[in-house]
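All remarks here apply to the structure that follows.
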Amino acid sequence: ALSLVCELEQITIDHEVGQREIQHGVDPELAYSRPDAYQLTQALGPRSEQFLNPDVQFIDIAEDTIFLLCSDGLSDNDLLENYWQTHLAPLLSSRASLDQGLVNLIELANEHNGHDNITLILVRVKVRPNLAQPTLN
């Protein structure tokens, strides 16, 4: 999520074997040295819903925020951490096109992480009203 305070914050975790091991206290380097470290532990579609255990959390939103839901094709290699100020922060403006922002993020991911699939959704949450520009008399 990205807010008007202009900071990037990861609010979910990956559902994969390596991350599960880290949550159980295993050192991250050891957890991701496993051959199955990147195997998904949850995914929509390939299994019956009885195998899904979604994470649910409530988030207080006090300022305009952008939520980005994405696959690791966009988030790998610190891509978002390195480019959020140029590719995400401008999208907080209600004048910015989320469609164009999405295209720009896909192009960025293809340029840097093109070996992987890229899926993303952008959601802009407006807390403050859009204030009209004052007219000059």
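The values are calculated or read from the model by the stated rules, or taken from the named source; none is laboratory data. Keep in mind that this is a model prediction, so the values were computed, not measured. Note that we place each Cβ from the backbone using ideal geometry, even for glycine, and neighbour counts take in every protein chain shown.
Name the one entry in A37, A96 that is at pLDDT 90 or above and either within 22 Å of E7 (Cβ to Cβ) or under 19 Å from the mean Cα position of the chain (by Cα) (or both). Just one listed residue meets the conditions, A96.
Among the residues making up segment 49-68, those that are closer than 20 Å to S94 by Cβ and not in a loop (DSSP other than H, G, I, E, B) are T65, I66, F67, L68. Only one entry of S75, S97, S93 meets the criterion of being in contact with a helix residue (DSSP H, G or I) (Cβ under 9 Å, 6 or more places away or on another chain), more than 24 Å from I13 (Cβ to Cβ) and among the hydroxyl-bearing types (S, T, Y), and that entry is S97.
Are any residues in segment 34-58 among the β-branched types (V, I, T) and either exposed (fewer than 11 other Cβ atoms within 10 Å of the Cβ) or touching a Cys at 6+ places or on another chain (Cβ under 9 Å) (or both), and if so, which ones? Correct list: V56 only.
Any residue at all in segment 21-39 that's in contact (Cβ under 8 Å) with a residue 12 or more places away in the chain and within 30 Å of P129 (Cβ to Cβ)? Break it down into steps so the answer makes sense when it comes.
Just the residues of segment 21-39 that are in contact (Cβ under 8 Å) with a residue 12 or more places away in the chain, to begin with: 21, 31-32, 34, 36-39.
Filter once more, so that each one left must be within 30 Å of P129 (Cβ to Cβ): none.
For segment 21-39, residues in contact (Cβ under 8 Å) with a residue 12 or more places away in the chain and within 30 Å of P129 (Cβ to Cβ): absent.
Scanning segment 71-88 for residues that are within 20 Å of R124 (Cβ to Cβ) and either at pLDDT 90 or above or touching a Gly at 6+ places or on another chain (Cβ under 8 Å) (or both), we see that the one that is surrounded by the fewest Cβ atoms within 10 Å (Cβ to Cβ) is T86. For the structure I just gave you, tell me whether G45 is part of a loop (DSSP other than H, G, I, E, B) and free of Cβ contacts under 8 Å to residues at least 60 places away in the same chain. Against the criterion (part of a loop (DSSP other than H, G, I, E, B) and free of Cβ contacts under 8 Å to residues at least 60 places away in the same chain), G45 qualifies.
If you go through segment 73-92 one residue at a time, do you hit one that is assigned to a loop (DSSP other than H, G, I, E, B) and either free of Cβ contacts under 8 Å to residues at least 12 places away in the same chain or more than 25 Å from T41 (Cβ to Cβ) (or both)? The answer is yes; a qualifying residue exists. Just so you know, in segment 41-72 the residues that are in contact with a helix residue (DSSP H, G or I) (Cβ under 8 Å, 6 or more places away or on another chain) and among the aliphatic types (A, V, I, L, M) include one that is nearest to L105 (Cα to Cα), and it is L68.
When only residues in segment 13-31 that are in a loop (DSSP other than H, G, I, E, B) and modelled with pLDDT under 95 count, which is farthest from the chain's Cα centre (by Cα)?
Here is the first cut: in segment 13-31, the residues in a loop (DSSP other than H, G, I, E, B) are 13-15, 24-27.
After this cut, where a residue has to be modelled with pLDDT under 95 as well, the list is 13-15.
Values: I13: 10, D14: 11, H15: 14 Å.
Applying the filter and picking the extreme gives H15.
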